[in-house]
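Single-structure report; data block below.
The values are calculated or read from the model by the stated rules, or taken from the named source; none is laboratory data. As the structure is a prediction and not an experimental result, all values here were calculated from the model. For neighbour counting, all protein chains shown are included, and Cβ atoms are generated from backbone atoms with ideal geometry for every residue, glycine included.
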Amino acid sequence: MCSNPMRYDAIIIGAGPAGSSTARLLARAGWAVALVEKSQFPRRKVCGEFLSATTMPVLEACGVADAFSAAAGPPVTRVGAYAGSAKLTAPEEKVWGRALGREYLDLMLRDAARDAGAVLFQPAEVSDLWREGESSICRLDGGWTLTAPVVIAACGSWNAKGPFAVNSRRAAPSDLFAFKAHFQDSNLPAGLMPLLAFPGGYGGLVHSDAGRTSLSCCIRRDALAKARARHGGKAAQAVLAHIMATTRGVHEALYRARLEGEFLSTGPIHPGIRRRYADGVFFTGNIAGEAHPVIAEGISMAIQSSGLLARLLIEGRAQDYAQAWKRQFAPRIRAASLFAHLAMNDTGRLASRAVLAAAPRLLGLGARLSGKVPLAA
Ligand SMILES: Cc1cc2nc3c(=O)[nH]c(=O)nc-3n(C[C@H](O)[C@H](O)[C@H](O)COP(=O)(O)OP(=O)(O)OC[C@H]3O[C@@H](n4cnc5c(N)ncnc54)[C@H](O)[C@@H]3O)c2cc1C
């Protein structure tokens, strides 16, 4: 055992939405919590930034609901789809949610955790983790060593390394790469959040904070290579050119818009269901399970799964977490996979007359199945 590790009740690895919300909830319940984050904040992140209305209760429990409402973009009142030359809008109007840049949201959640008493180690990366008796020991690259009976991995899945590495197989044509950008002065209709389906990929457009429109998307490795060969330039520019050339709604929304800041990219990403507990470590957020971002539910699921984990830990029922997580989130991950494959591989069918006729009702149902509103509502 290392000399003098700092002792906590829980060590939380990663201060994204999953980690910070767990830290806040446990610290408020009187737990001694260490929250470890490797990046400096504020930082932008590949993400569509949409947060569904079903997440508001956990934001309230995290003490950031008012700050979120004050800073977020306008309410999304209609969901839709842009595919080829088709532009669909679901008939149902309601407040589905709102979007806020991750440079603001993640900072708010982290500060709320710190205000509740969580001790922050940032920037500091957990480089090693092992179990000794009833406790885990975490070594941080800043030279600190921490120990706690409970470790919570909330380190996301895209660049997770070492003890948290997500199974990576050999490069495949179907690997998905993700891109994101902000625009000013777009023509996206007020209140609308369209799903984008284009050859080899899918994405979303949404009005975010401060008049920005957020474009985020995923594209298959093989489609990205074709887009680069056809349009030239850097990968992100080729992806934007590909979407604009194949998707009328995006062209109309962005042809006069100004890019704000840099394009961001990451990948390959690994949607799917993974472990929720192993050797004294609980997993929450993307590292536990990741929906295809086609349903724009990852942040909500990260925060909601953290709410679930914190509640069960506080109630002394942590053994129920893995099953409860599966019941609550697996259907959404499966629904997302279905939509993603339809959007990526069958853009033509998505935009066909038959689907167009049924689509407004399907889009509403899709929003329900993916968790944007309770099924019973
Ligand atoms: C293209 C795209 C669009 C998306 N759009 C949306 C959307 O509109 N709405 C939505 O809800 N979701 C969306 N998502 C999904 C969403 O971004 C993720 O689901 C969400 O970020 C998961 O949160 P998390 O806290 O689990 O992980 P993350 O946000 O990835 O946070 C993990 C944190 O852990 C830190 N970390 C990692 N390893 C270590 C370590 N060893 N030590 C210390 N710190 C570490 C990282 O620096 C990071 O800050 C989108 C995703 C993509 C790819």
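Observations on the model:
- Counting only helices (runs of 4 or more DSSP H) wholly contained in region 273-351, the ones carrying 1 or more residues that are in contact (Cβ under 8 Å) with a residue 24 or more places away in the chain and touching an Asp or Glu at 6+ places or on another chain (Cβ under 7 Å) occupy 298-314, 321-345.
- Residues that are within 20 Å of the chain's Cα centre (by Cα) and surrounded by fewer than 21 Cβ atoms within 10 Å (Cβ to Cβ) number at least 2 in the following helices (runs of 4 or more DSSP H) confined to region 1-113: 56-61, 65-71.
- Matching residues, region 214-226, being within 16 Å of the ligand (Cβ to nearest atom) and either without any contact (Cβ under 8 Å) to a residue 24 or more places away in the chain or closer than 26 Å to L51 by Cα (or both): S214, L215, S216, C217, C218, I219, R220
- Filtered by the rule that a residue be touching a residue at least 24 places away in the same chain (Cβ under 8 Å) and on the phi > 0 side of the Ramachandran plot, region 121-171 gives G156, G162.
To keep it simple, each residue is scored yes or no on (1) among the aliphatic types (A, V, I, L, M); (2) in the same structural domain as L25 (by TED's automatic domain parsing); (3) under 30 Å from G249 (Cβ atoms).
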site	(1), (2), (3)
E49	no, no, yes
D66	no, yes, no
S69	no, yes, yes
V79	yes, no, yes
Y82	no, no, yes
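- Flag not set for Y82, criterion: at pLDDT 95 or above and touching a Ser or Thr at 6+ places or on another chain (Cβ under 8 Å).
- Of all residues in region 131-158 being over 24 Å from G316 (Cα atoms) and outside any loop (DSSP other than H, G, I, E, B), the one that is nearest to the ligand (Cβ to nearest atom): L140
- Hits in region 129-174 (condition: out of contact with any strand residue (DSSP E or B) (no Cβ under 6 Å at 6 or more places or on another chain), closer than 29 Å to L224 by Cα and of a type in the set (A, V, I, L, M, F, W, C)): A160, A165, V166, A171, A172
- Meets criteria (within 13 Å of the ligand (Cβ to nearest atom), at pLDDT 95 or above and in a strand (DSSP E or B)) for L264: yes
- Failed item in (1) over 16 Å from I299 (Cα atoms); (2) within 11 Å of the ligand (Cβ to nearest atom); (3) touching a Cys at 6+ places or on another chain (Cβ under 7 Å), with D128 passing the rest: (3)
- Residue in region 243-266 that is of a type in the set (V, I, T), in contact (Cβ under 8 Å) with a residue 24 or more places away in the chain, surrounded by fewer than 20 Cβ atoms within 10 Å (Cβ to Cβ) and closer than 30 Å to G19 by Cβ present: yes
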